[in-house]
1. If ligands, DNA and RNA are left out, what is the accessible area of ARG193 with a 1.4 Å probe, given in Å² to the nearest 10?
2. Restricting everything to alpha-carbon atoms, can you work out Rg to Rh for the chain with a Kirkwood hydrodynamic radius?
3. For each cysteine in the chain, check whether another cysteine's C-beta sits under 4.7 Å from its C-beta; list those where none does.
4. Could you list the square roots of 5 times each eigenvalue of the Cα gyration tensor of the range 372-463, that is, the equivalent ellipsoid semi-axes, sorted largest first and rounded to whole Å?
5. Per residue, how large is the accessible surface of the chain? Use a 1.4 angstrom probe and give square angstrom.
6. Relative contact order for the range 466-527: what is it in percent, counting Cα pairs under 8 Å that are at least 6 residues apart?
7. Taking all protein chains as present, what is the carbon and sulfur share of the accessible area of the range 134-197, in % to the nearest whole number, probe 1.4 Å?
8. Size of the dipole of the chain about the Cα centre, Lys and Arg at +1 and Asp and Glu at -1 on the beta carbon, nothing else charged, in debye to 20?
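The values are calculated or read from the model by the stated rules, or taken from the named source; none is laboratory data. These numbers were taken from a predicted model, which means no experiment stands behind them. Cβ placement follows ideal geometry from the backbone for every residue including glycine, while neighbour counts extend to all protein chains displayed. The protein model used for the area step is the full one, side chains on, heavy atoms only, and it has no ligands, DNA or RNA in it. Shrake-Rupley method; radii C 1.70, N 1.55, O 1.52, S 1.80 Å.
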Amino acid sequence: MAVVLGLNAVFHDPAAALVVDGVTVAAAEEERFSRRKHGKSPVPFSTWELPEHALRYCLDAAGVGVDDLDAVGYSYDPALATVPSTRLQDDAWEGMRTLYAERAARFLETLLPGVDATRVRHVPHHVAHAASAWGHAPFDSCAVMVLDGRGERGSYLAGVVRDHRLEVLARQDLPHSLGLRYEELTAHLGYRRSSDEYKVMAMASYGRPTHLEAFRRLLRTTGDGGFVTEPVDWSAFAPVGHGDGAIDQEHVDLASSVQTRLEEVLLELAGWLHDRTGERCLALAGGVALNCVANSRIYAEGPFEDVWVQPAAGDAGTAVGAALHLAAELGDTPVPPPTPALGPEWSDAEIESILRAAAVPFERPADIADAAAEVLAADGIVAWFQGRSEFGPRALGHRSLLAHPGHPRNLERLNDVKGREQFRPVAPMVQLEAAKDAFEGGPIPSPNMLFTHRVRNGWAERIPAVVHVDGTARVQTVDPATEPLVHRMLGAFRARTGLPVVVNTSLNTAGRPMVDHPRDALECFASAPIDALAIGPFLLRRGAMFTGAAR
Ligand SMILES: [Fe+2]
């Protein structure tokens, strides 16, 4: 019976999580409070910055004080770092990262006066990623893979979890890193490394793997659970890209080649791990596990019957994992949460007070789900802000932009609202009971949007806005047991249109973190061509906003 705070701060995506008696009661990313995407730059000098707003939120949400904390987990162990803190100018100041990580307890004392610094424990980065996966996966025992860019000295971990204990079976040390190679490709194509990798994945589907043989030589498994990633001269394959959203053949072919080889390598690693463990189920975490195309191939072609991916697979998830790892060491059994909605929420009264303070016109319809569906059925775009925010980079019906899937131009409309590249797909959310009618080839249920599915024959014409260029869609299935309000909204839309599907993308505008405060929702609504904002039980309409009617 322990109260454990988990912190991620070392690279980027700073985040905090609180685990009480094995239950993850709160988790949030700092970017949602600070409004700076990814929280901070992943340079050694920023390592000292802790997720101060996120950790305060976690403690307040649970009503936990500093004195109640049995342990604090920090998801990086400087004792494992390749460059010690005494070598501050070597290797691009990497020693500074080690030094700041060593001092994390002291930095925490400045934020949480009275915290017992002796209770702050360093948890190895990939052990924390692993715990975020096995601790939240709905499996009693499983194999686990951490697919990352880098930790202290490694980039990959594979193991097995039995009786809530991780046994590590393989590690891959730097400089070999699938994640870092993919980041290099992202930068070469002109996009932001360690941030825009999902754009490269989307681009890959426009290309052909024309350089696959070369990448089979450059990225290869070693037969012992590890792999080699040779240095890549990216310019030998294609010139540096501009990151301007253009689809040109040499760049999409390069993206396709690396993406395809990544998938092959992951399948080989999964095969090795299955042979070693004989486990039925696989849990995944690490930034590369956000690659839903690769996840789908592991699911469809790999040896495991079931695959579960931590929705916060990136570094933010290590806050949860560090806490779960220590909670398990203290004797608690991690309890998988029903959904990743572990972030802040506002009461109806709080939302109403903010709306009144902003002096905006709003209504309180009999059923917000039905009112939103009515706007959607009339081809309006709805900003949907409901309940606790999702922990992880995907909007899953709590901080979402919604639209009608039947009109192909809605992809362009949403990408315009968000000011982003037109090659970026948007995803369908679908009532669970109707998912198999429309989609195939991926796991169903698929509640966290971490796999792609093929759109069934006859459905591509009905829901063209959500069908990617390769005939797939990144599906979120909505279970009425865990998401009753979203499911009801989908049902009300289906009653009007015959479609159990709505377009879903995250509620934010270009380059900004997801909206996570009613005031941010109002700013987003006012500054983008969104037709209605459904926030708590209240509905704001664009027309009324600017005529002052319907107050
Ligand atoms: Fe990581």
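1. Probe radius 1.4 Å; accessible area of ARG193 about 110 Å².
2. Working: Rg = 22.7 Å, Rh = 23.8 Å.
Over the Cα atoms of the chain, Rg/Rh equals 0.96.
3. So far as the 4.7 Å Cβ criterion goes, CYS58, CYS292, CYS524 stand without a partner in the chain.
4. Values: eigenvalues 81, 62, 40 Å².
Semi-axes from the Cα gyration tensor: 20, 18, 14 Å.
5. It amounts to 37 Å² per residue over the chain.
6. Relative contact order, the range 466-527: 15 percent.
7. 43 percent
8. 1080 debye
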